[in-house]
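Take a look at the structure set out below.
The values are calculated or read from the model by the stated rules, or taken from the named source; none is laboratory data. On a predicted model such as this, the values are computed, not experimentally measured, just so you know. Because the Cβ atoms are built from the backbone with ideal geometry, glycine has one as well, and the counts that use them run over all protein chains shown. For accessibility, only protein heavy atoms count, side chains too; no ligands or nucleic acids. Shrake-Rupley method; radii C 1.70, N 1.55, O 1.52, S 1.80 Å.
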Amino acid sequence: MAYVLLFLILLIVGIVLFINVHPTFGANPTKLQKEAYERFPHYENGKFKNMVPTNMKMSAADILSFIKDSMNKEQERSPRNQLSMNKIDWEKVKSREDSLTWFGHSAFLLSIDNKKLLIDPMLGPTASPVSFIGSKRYSQDILHIIDEMPPIDAVLFTHDHYDHLDYSSIKKLKCKVNHFFVPLGVGAHLMRWGVSSHNITELNWWDEVELGGITLAFTPSKHFSGRGVLNRDSTLWGGWVILGENTRFYTSGDGGYDAHFKEVGDKYGPFTLTLMEGGQYDARWSWVHMRPEESVQAHLDVKGETMMLIHWGAFTLAYHSWTDPIERAIQKAKEEGVNLLIPELGETVLLHGEKASGVNEWWTNESKEA
């Protein structure tokens with residue numbers, strides 16, 4: 001019994017040391033930063049909170065149902081074969097045309113007013129702090145794409161979860177990025193990973209900055225944050241509005257459906273293109289991830305013209321089938337008369353002159369046996 005107890009103590013100590021020493025877990029905001037956050041109405045007792053009360057506690061019944069669902073083999077939660085990634089058309093990306101290149105999940109490259117903006121560039125192989133645990137990327141390793149990218153004017157993050165903020169991606173990116181725009185507190189992670197504080201700007205909800213004539217605004221979402229065991233909600237989360245000369249762009253970030261979408265629409269809409277989170281949902285955490293039908297409604301709330309569904313096509317983080325998000329979004333979009341943009345992985349789409357015409361159901365081919 002003494003040996004078992006000693007083993008457990010050593011295991012706990014080892015885990016604590018690993019979390020504190022390994023850089024992938026990032027860092028926490030400083031004491032001065034935390035004191036500054038206290039003046040915000042959405043920060044309380046050392047933690048950020050949503051604009052509306054959000055109960056994120058799981059019951060014992062929920063936990064048992066998770067275990068049961070994890071054993072269900074009927075849902076095809078991942079593709080049968082590795083997804084193919086289109087060869088990036090870098091000439092198209094480098095042109096002066098406004099364009100969007102999707103890398104899967106919530107990672108994409110936006111070219112707007114001849115500026116190159118990366119949003120949530122999680123290009124690593126695993127949505128986890130360690131490679132041997134966590135969901136593996138559906139496609140091949142795409143970290144090498146960073147080496148092929150043109151110089152990046154700015155990187156924008158919506159929050160610090162592992163499927164959005166990736167240590168391995170930042171290590172490769174930091175030398176070719178001019179500036180990082182991040183939610184409050186997230187700068188601490190980047191600085192631990194070698195990014196200079198001079199190249200980081202932190203924003204609160206509704207803060208605006210200018211980037212070479214482009215307006216960047218950080219907007220609320222209903223979600224949470226944290227990369228370690230003890231730092232939940234120590235950093236902020238949200239979405240981004242990006243306003244260029246010809247393109248008005250919005251990405252929701254992760255979060256449940258609520259009134260903030262109408263607020264964003266009233267303040268900044270209409271939008272040429274919206275990227276709406278609509279994957280990795282579950283009735284047990286409906287307050288922090290939208291169902292696809294809610295994503296379409298959120299698009300209407302913000303007064304969007306064309307919508308693209310994101311947060312799918314790269315990782316399995318929920319119990320629905322991997323194609324369920326896009327199939328449900330297509331159905332709801334048809335009912336509401338919403339125009340959907342559905343690029344393939346790695347495809348670059350020009351935002352003016354290339355409207356989505358019909359639906360290219362590329363995922364149906366990917367689901368077939370090789």
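Pick from I133, I146, I170: which is in a loop (DSSP other than H, G, I, E, B) and of a type in the set (A, V, I, L, M, F, W, C)?
Values: I146 fails: in a loop (DSSP other than H, G, I, E, B); I170 fails: in a loop (DSSP other than H, G, I, E, B).
Every option except I133 fails the conditions.
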R227 meets each of (1) surrounded by fewer than 22 Cβ atoms within 10 Å (Cβ to Cβ); (2) closer than 22 Å to F25 by Cα; (3) among the basic types (K, R) with one exception, condition (1)
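Considering only the range 135-143, I want to know if a residue exists there that is under 27 Å from T323 (Cβ atoms), free of Cβ contacts under 8 Å to residues at least 40 places away in the same chain and open to solvent by 50 Å² or more (accessible area, probe 1.4 Å).
Step one: of the range 135-143, the residues under 27 Å from T323 (Cβ atoms) are 135-143.
Pick out the ones that are also free of Cβ contacts under 8 Å to residues at least 40 places away in the same chain and you get 141, 143.
From what is left, the residues that are open to solvent by 50 Å² or more (accessible area, probe 1.4 Å) are 141.
Yes, some residue in the range 135-143 is under 27 Å from T323 (Cβ atoms), free of Cβ contacts under 8 Å to residues at least 40 places away in the same chain and open to solvent by 50 Å² or more (accessible area, probe 1.4 Å).
Residue by residue, here is whether (1) at pLDDT 95 or above; (2) surrounded by 15 or more Cβ atoms within 10 Å (Cβ to Cβ) holds:
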{"site": "T30", "(1), (2)": "yes, no"}
{"site": "Y37", "(1), (2)": "yes, yes"}
{"site": "F40", "(1), (2)": "yes, no"}
{"site": "Y43", "(1), (2)": "yes, yes"}
{"site": "V52", "(1), (2)": "no, no"}
{"site": "L64", "(1), (2)": "no, no"}
{"site": "N72", "(1), (2)": "no, no"}
{"site": "N81", "(1), (2)": "no, no"}
{"site": "E91", "(1), (2)": "yes, no"}
Listed by first then second residue, the pairs whose first member lies in the range 25-52 and is within 16 Å of F224 (Cβ to Cβ), whose partner is loosely packed, with under 12 Cβ neighbours inside 10 Å and at pLDDT below 95, with beta carbons under 9 Å and at least 6 positions apart or on separate chains, are N28/L230
Scanning the range 103-125 residue by residue, those open to solvent by 10 Å² or more (accessible area, probe 1.4 Å) and either out of contact with any strand residue (DSSP E or B) (no Cβ under 7 Å at 6 or more places or on another chain) or not in a loop (DSSP other than H, G, I, E, B) (or both) turn out to be N114, K115, K116
For the range 143-182 the number of residues that are more than 17 Å from the chain's Cα centre (by Cα) and more than 22 Å from K92 (Cα to Cα) is 5
